[in-house]
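Everything below concerns the one structure shown next.
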Amino acid sequence: MKRLLPFIIILVVLGVAIGSVVYMTKPQAQPNANASPSPVGPKPSPTQAPVKTGVPGADPPHTMGPENAPVKIEEFGDFECPPCGLFHPILKQMHQEFGDKLHITFREFPLPTHNHAIPAASAAEAAGMQGKFWEMHALIFENQNTWKTEFDVRPVFEGYAKRIGLDVERFKRDVNSDRVEQRIFLDGKRARSMDVNSTPTVFLNGREVPFQSLPADTLRVLIDNELRAAGTK
Amino acid sequence: MIKESHREPRQSAIDNRQSTIPLYVAAALLSLVGLGDAVYLTVQHLTGQSVPCSVTSGCEEVLTSSYAAFSGIPLAAVGAAAYFSVFSLATLAVFGYRTAGLLLRPLVAVMVLVSLWLFYLQAFVIRAFCQFCLLSAAITIALMIIVLVAWKKGS
């Protein structure tokens, strides 16, 4: 038995290691199990989190949906952050599903760990100065994997500017303008005042939504909850 | 007299071996921590982008960089295999398998070199540090020290 003991220990450790990888790489079953119960019962809710107002960010903010919509979502995002890229289609889907009931705001929060985050935020803001923030926002997020590996991203974003019909010369000037810099700075100040230190950080009617609740299935339930609380559903 | 002189070196060899046992136990325990760390990183890598990007941590950056996988195999998984090997060899060494203790030396040496290379990549190429990768590097360095001490004691 003693001769076998080391081999038994080794096999047990191997089993535990492989077992935990297999168990933890199957997350699909879990969020669904949490999200699928009846839509009336208790739900994962961000309402535990306190409402945060924070200092104002860039004015006017980039928004979609009517100002008086019952549900307001504010995202602090970084264009180079992969989970933000994944969240982009989710938010787009929510916008389509909830339409006029949802007001969406995007705030710039370029992280220092990302080389191209500030140029990307500047490109989106510069497009915003010609009234096409959301078009640029979508292009930058949808092509994240293409430009994030580039050494110089400016020509890529100028290409996007041309594609969405911007005045490219003006865009090139605006990207480096004080106004764009100031807007990013103000959004960052707002982020800090609301204790945002990672992206995407999403606020639903002023309350922070836990990162785990950002998949479409859970977010939809949370928005429904807010609509119900507001008496519009 | 002859008997005496025969016994002495043998006895001291046994003493030496005895005195290295706590070292190999420590190596086995440390490699378990390393294994846990590497398994966690492997899971993060495989489930992909399941952690938000953060002001303080560069894990997302490091784990999604082109250096995080080597011809399709996540580096963290290679690390997990390495820690598992260290654990196996150290456990066998505790139970008196001398060869296992000897094999630990080249294995840990390679791990130290790889850790240094990965540290260089994080510091100068990716320019982001991932705490879990740094923990792994620290464990490898500690393992190296243990193996060196055991080497000195065992010989």
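The values are calculated or read from the model by the stated rules, or taken from the named source; none is laboratory data. A quick note: this is a predicted structure, and the numbers were derived from the prediction, not measured. Every residue, glycine among them, receives a Cβ derived from its backbone with ideal geometry; neighbour counts consider all protein chains shown.
Below are the figures for this structure:
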| item | result |
| --- | --- |
| Residue in the stretch A:169-188 that is more than 23 Å from A:A127 (Cβ to Cβ) and of a type in the set (S, T, N, Q) present | no |
| Qualifying position, being touching a residue at least 12 places away in the same chain (Cβ under 8 Å) and either more than 14 Å from the chain's Cα centre (by Cα) or surrounded by fewer than 15 Cβ atoms within 10 Å (Cβ to Cβ) (or both), among B:F119, B:F132 | B:F119 |
| Filter result for the condition that a residue is touching an Asp or Glu at 6+ places or on another chain (Cβ under 9 Å) and either under 23 Å from A:I18 (Cα atoms) or modelled with pLDDT of 70 or more (or both), over B:P74, B:P52 | B:P52 |
| The stretch A:182-217, subset of a type in the set (S, T, N, Q) and away from chain B (no Cβ under 14 Å), residue farthest from A:V51 (Cα to Cα) | A:Q182 |
| Selection within the stretch A:123-133 - over 12 Å from A:R107 (Cα atoms) and in a helix (DSSP H, G or I) | A:A123, A:A126, A:A127, A:G128 |
| Long-range neighbours under 9 Å by Cβ, at least six apart or interchain, first residue of a type in the set (K, R) within the stretch A:121-141, second part of a helix (DSSP H, G or I) | A:K132/A:A161 |
